[in-house]
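These notes are about the structure you will find just below.
Any read-out appearing in this document is the output of simple, stated calculations on the displayed coordinates, not a laboratory observation. Fair warning: this is a prediction, and the values are worked out from it, not measured in the lab. Because the Cβ atoms are built from the backbone with ideal geometry, glycine has one as well, and the counts that use them run over all protein chains shown.
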Amino acid sequence: MSMNIKPVPTLDDEVNEIRLATAEIVNQDILPVEKKLWGWVSDSADASKEVLEEAKELRRQVQDKVKREKLWAPHLPHEFGGMGLSFLQHAYMNEVLAYSPGAASLFGVVAPNSGNQKILVKYGTPEQHEKWLKPLTEAKMQSAFSMTEPDNAGSDPRSLMTRAVLDGDEWVINGHKWFTSNGHAADFYIVMCRTADPDAPGDANDKMTQIIVPRKTPGVNIVRGVPVWGKASSHCEIKYENVRVPKENQLGRTGTGHQAAQDRLGAGRVYHCMNSVGSMWRAFDLMIERLMSRVVHGGEKLEEKQFMQGFIADSYMDIQSARLMTINCAEKMESGADPRIDISSIKVFVPQAYHRVVDRAIQVWGAAGVSGDLPLAGMYQGARTLRIADGPDEVHKILIAKMVLRRYHGGESWDFGN
Ligand SMILES: Cc1cc2nc3c(=O)[nH]c(=O)nc-3n(C[C@H](O)[C@H](O)[C@H](O)COP(=O)(O)OP(=O)(O)OC[C@H]3O[C@@H](n4cnc5c(N)ncnc54)[C@H](O)[C@@H]3O)c2cc1C
């Protein structure tokens with residue numbers, strides 16, 4: 001089944017054209033070869049060299065077409081080789097390209113590189129743009145973001161202990177990180193470091209700095225790729241042991257690391273949610289396809305069973321609420337209004353809705369639902385993981401409650417219209 005994208009009456013022509021052109025590539029160039037693109041084999045054997053080579057060539061062909069159609073890197077400004085889209089335009093494009101899992105990388109917008117590119121655009125010097133950003137956007141380099149630590153709560157970044165100390169013109173970094181995604185392939189890491197004593201006077205948020213560390217620097221020791229969902233992964237555990245990098249590798253002013261992380265995560269959460277909406281859309285289509293074709297007890301199709309009709313209604317409502325909440329949040333961000341409560345709300349609601357929608361689709365497909373023959377099992381794991389990554393649900397619920405209570409304590413009630 002293809003993704004059904006028609007012009008949205010409330011959107012301008014430019015976004016509608018981008019969505020239609022994106023859907024055309026997804027429908028014509030990606031979905032028909034979806035399994036081959038990722039070197040997938042149907043009998044649990046490892047893919048042969050030929051299969052992997054064919055996959056690489058297919059991906060290159062799709063990427064070339066994406067570039068010819070000027071749909072490459074929707075998150076970056078024109079001067080850095082991107083489409084120069086506004087925040088909202090990018091969000092609207094994301095739900096389309098996320099219909100096929102993994103397609104984002106074929107459009108040049110794949111985490112963690114995309115988040116790092118945004119941070120480099122905003123905080124990087126012209127020299128850093130030339131040295132790190134340019135090769136990253138041209139896909140000549142890979143990168144990773146190294147913040148979370150095994151010994152401290154990732155949900156509270158102020159607890160991080162990795163320390164960077166200035167010695168002459170060099171930062172000397174010591175610390176222990178894990179879940180540094182893309183850690184094996186990355187040419188450089190952006191490492192979140194404590195650059196001031198936690199007990200020194202001043203705001204705790206002003207004591208962190210992000211520093212670029214090339215992977216091949218002496219003292220960067222990859223301990224392992226941490227297995228995730230029972231499979232090998234490139235989410236790396238890394239020890240930084242007396243790692244020395246030039247002072248000019250820091251991003252922005254000393255002490256702006258926390259703010260840079262907030263910038264990255266805030267926008268990133270909206271993009272992740274629009275990706276989740278695209279994936280839910282696909283899971284919904286797959287579920288309906290099966291409901292309309294599978295015959296069960298008594299010779300009736302699944303679509304005639306009321307339990308199953310309940311699945312359709314519940315999933316429809318989940319997708320619509322998730323989508324409209326995310327678009328509303330993106331609109332607020334674009335208008336300059338304070339979006340913090342909306343960002344936390346979608347960060348909690350959307351992955352949970354995504355989880356429910358995929359769960360129902362898996363149930364409808366029975367054993368096939370958990371097999372590797374369909375993208376549903378991968379989506380299910382992705383949806384579950386999203387409830388932890390980028391800040392766990394509970395932390396965001398606490399933030400929502402605090403913001404609401406602060407308003408009421410200030411003598412004002414909540415205005416849901418604004
Ligand atoms: C697949 C994957 C990829 C990742 N990629 C990256 C990456 O590229 N770079 C990177 O730096 N990190 C990455 N992470 C790490 C991720 O950002 C952290 O896992 C996340 O921030 C949570 O931190 P933690 O695991 O230390 O959990 P903790 O902070 O220990 O929290 C554990 C649990 O405690 C509960 N909890 C926490 N705080 C509170 C509270 N205040 N009140 C009530 N309950 C609470 C929540 O249920 C939470 O899930 C990745 C994680 C995953 C799973």
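For the reader, a short list of remarks on this structure follows.
- 20 Å-binned pair-distance histogram of the chain (Cα, whole percent): 24, 57, 18, 1, 0
- Shown for the chain are the DSSP H helices of 30 Å or more along their axis, judged by Cα atoms, with a mean Kyte-Doolittle hydropathy of at least -1.0: 257-293, 306-335, 340-365.
- Computed label-point distance, nm, for sites Arg68 and Ala139 using a 7 Å Cα→Cβ extension: 1.5 nm
- P(r) for the stretch 1-123, from all Cα pairs and a bin width of 5 Å, is 2, 11, 20, 21, 18, 13, 8, 4, 2, 0 %, short bins first.
- 10 Å beta-carbon shell around Arg194, net charge (K/R +1, D/E -1): +2
- Taking every C-alpha pair closer than 8 Å and separated by at least 6 residues, the mean separation divided by the residue count of the chain gives a relative contact order of 13 percent.
- In this simple spin-label model, placing a label point 7 Å from the Cα along the Cα-to-Cβ direction at both His129 and Lys6 gives a separation of 4.3 nm.
- Spatial extent of the stretch 188-306: Rg and Dmax, with the Cα atoms as the point set, Å: 23.9, 74
- Per-selection Kirkwood Rh - the stretch 143-251 (Cα, Å, 1 d.p.): 14.0 Å
- Ranking Ile222, Trp171, Gln250 by how far each Cα lies toward the positive end of the dipole of the stretch 143-251 (charges on Cβ) leaves Ile222 at the top.
- If R0 equals 30 Å, the separation of the Cβ atoms of Arg224 and Ser159 corresponds to a calculated FRET efficiency of about 0.85.
- Kirkwood hydrodynamic radius over Cα pairs of the stretch 1-49, then Stokes diffusion coefficient at 25 °C and 0.890 mPa s, in µm²/s: 189 µm²/s
- Highest-first packing order for the peptide set 106-112, 53-59 is 106-112, 53-59, based on the mean count of other beta carbon atoms within 10 Å.
- Computed lengthening from Thr385 to Ser44, 0.36 nm per intervening residue step minus Cα-Cα distance: 120.4 nm
- Per-peptide average of other Cβ atoms within 10 Å, ordering 311-324, 137-150 highest first: 137-150, 311-324
- Extension gain for Gln363 to Arg244 (0.36 nm times residue separation, less C-alpha to C-alpha distance): 37.6 nm.
- Partner lysines for Lys134 [C-alpha distance under 18 Å; skip if fewer than 8 residues away on the same chain]: Lys67, Lys70, Lys118, Lys122
- Within the chain, DSSP assigns beta bridges of which about 85% are antiparallel (rounded to the nearest 5).
- For the listed residue pairs Lys6/Lys56; Lys65/Lys177; Lys49/Lys131; Lys177/Lys231, the alpha carbons are over 27 angstrom apart in Lys6/Lys56; Lys65/Lys177; Lys49/Lys131.
- The packing ranking of peptides 95-103, 40-48, highest mean first, is 95-103, 40-48, where packing means the average number of other beta carbon atoms within 10 angstrom of each residue.
- Footprinting exposure proxy for Val191, Val165, Val66 (fewest neighbouring C-beta atoms within 10 Å first): Val165, Val66, Val191
- Extended-chain gain in nm, criterion 0.36 nm per residue less alpha-carbon gap, Phe416 and Ala232: 61.7 nm
- Alpha-carbon spread of the stretch 259-409, three principal axes, descending order, Å: 60, 31, 26
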